[in-house]
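Since the structure comes first, as structure tokens, the remarks are kept for the end.
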Ligand SMILES: NC(=O)c1ccc[n+]([C@@H]2O[C@H](COP(=O)([O-])OP(=O)(O)OC[C@H]3O[C@@H](n4cnc5c(N)ncnc54)[C@H](OP(=O)(O)O)[C@@H]3O)[C@@H](O)[C@H]2O)c1
């Protein structure tokens, strides 16, 4: 069923396509692959599994070599597709060139980019170390934009491919106590929807997925495990989010909110005024750890 619907979506997405022969010739003999940043665990690992089960070669990127190599091995063993790991910090200014070099060496080219690697930051904005905010912007905003800006032109020239940006439900509303994180995801949602409009009909899917809370290491890493949202809001599994993201991407949707509760939340934040939603979100995101206490 998904296959039929995505073939229909293909026709609509490619309604204005005229592929450039040189762009097609440049990838002749190479295998189209799905690049997933942050593919070693969590949501990225689960999205890699979805593409691999659909028979797509995957190229996983994360900083730590051990986990990303193990994830690639496991995907190759369980699905039979090619899964190539690359240990790389995607915030490096020359990350796109390093990725291109590794792809070329493996006989692959970027057909789909999943911009998934991201970092959170919890607490009062003015108490955050400046370096933490800059690291967050470097990954969630600068690196994702740079990779997308680098990958998109050849996709448009070929008239096929796609970008799947992993944003967050937090990108739809300001988030006191995770202010910079929510703002970074708002940037990503806005960028994705705007660029998707610019590229409409040219054969390339451009999608943002905006999950609510997902059970991964993410929350503990930013010391948010004792925030109210961790107990009162239901968390989804990474696999369920990945299934929803993959399906929505194949159907050519521009913004996907996986799951019923996050969908209701997304509609509510669109309908209600910020005067109401911002204090509610702030109550959910505030941690019980007093400022300055060891976490
Ligand atoms: N968990 C949630 O509730 C939730 C909800 C909405 C949206 N999201 C978004 O979903 C995405 C994935 O989150 P997750 O929950 O799966 O997080 P996670 O479990 O912490 O995984 C993060 C992944 O990104 C990689 N990574 C981090 N920094 C990197 C860098 N500079 N360069 C390359 N790889 C890097 C990590 O591997 P290394 O550490 O080895 O680099 C890991 O593979 C993020 O963009 C996050 O904002 C998460």
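Each value in this text was obtained by applying a stated rule to the coordinates, not by laboratory testing. Quantities reported herein were computed from a predicted structural model and do not represent experimental measurements. Neighbour counts are summed over all protein chains in view; Cβ atoms, including those assigned to glycine, are modelled from backbone coordinates with ideal geometry.
Report the Cα centroid-to-centroid distance between the range 189-203 and the range 54-128 in angstrom, as an integer.
First find each Cα centre; the distance between them is then 23 Å.
Please give the contour-minus-distance gain from residue 145 to residue 4: 0.36 nm per residue of separation, less the Cα-Cα distance, rounded to one decimal in nm.
Full extension from residue 145 to residue 4 adds 47.6 nm.
FRET efficiency for residue 200 and residue 225, Cβ-Cβ distance as r, R0 = 51 Å, nearest 0.05?
Step by step, r from the Cβ atoms, then E = 0.80.
Over the chain, what is the relative contact order in percent, taking alpha-carbon pairs closer than 8 angstrom and at least six residues apart?
Relative CO of the chain lands at 21 percent.
Select from 179, 275, 70 the residue whose mean-square fluctuation is largest in a Gaussian network model of the chain (Cα-Cα springs shorter than 10 Å).
Highest fluctuation of the listed residues: 275.
Sort 134, 28 so the one with the fewest other Cβ atoms within 10 Å of its own Cβ comes first.
28, 134
Using only the Cα atoms of the chain, build the gyration tensor, take square roots of its eigenvalues as a ≥ b ≥ c, and label the shape rounded, prolate or oblate: rounded if a/c is under 1.5, else prolate if a/b is larger than b/c, else oblate.
Cα axes put the chain in the prolate bin.
What is the range 59-115 by shape, rounded, prolate or oblate, if you read a ≥ b ≥ c off the alpha carbon gyration tensor as root eigenvalues and call it rounded for a/c under 1.5, prolate for a/b larger than b/c, and oblate otherwise?
oblate
Want the number for residue 125 to residue 15: 0.36 nm per residue separation, take away the alpha-carbon distance, what's left?
35.1 nm
Only Cα pairs within less than 10 Å get springs; with that Gaussian network setup on the chain, which residue of 169, 228, 86 has the largest fluctuation?
Of 169, 228, 86, the most mobile in the Gaussian network model is 228.
Order these by the 10 Å Cβ neighbour count, fewest first: 155, 222, 1.
The fewest-first ordering by Cβ neighbours comes to 1, 222, 155.
Grab the Cα-Cα distance for residue 70 and residue 101, subtract it from 0.36 nm times how many residues apart they are, and report the gain in nm with one decimal.
Stretched fully, the residue 70-residue 101 segment lengthens by 9.0 nm.
Test of understanding: in a Gaussian network model of the chain with alpha carbons linked when under 10 Å, which of 171, 259, 66 would top the mean-square fluctuation ranking?
Of the options given, 66 has the highest mean-square fluctuation.
Hey, with R₀ at 30 Å, roughly what FRET efficiency would residue 280 and residue 217 work out to, going by the Cβ-Cβ distance, to 0.05?
In this case the efficiency is close to 0.70.
With runs of 4+ DSSP H residues as the only contributors, calculate the mean residue ellipticity of the chain at 222 nm using -39,500 (n - 2.57) per run, divided by the residue total and rounded to the nearest 500.
Using -39500 (n - 2.57) per qualifying helix, the result is -15000 deg cm²/dmol.
Set the Förster radius R0 to 41 Å, insert the Cβ-Cβ distance between residue 264 and residue 24 as r into 1/(1 + (r/R0)^6), and round the FRET efficiency to 0.05.
Working from the Cβ atoms, E equals 0.40.
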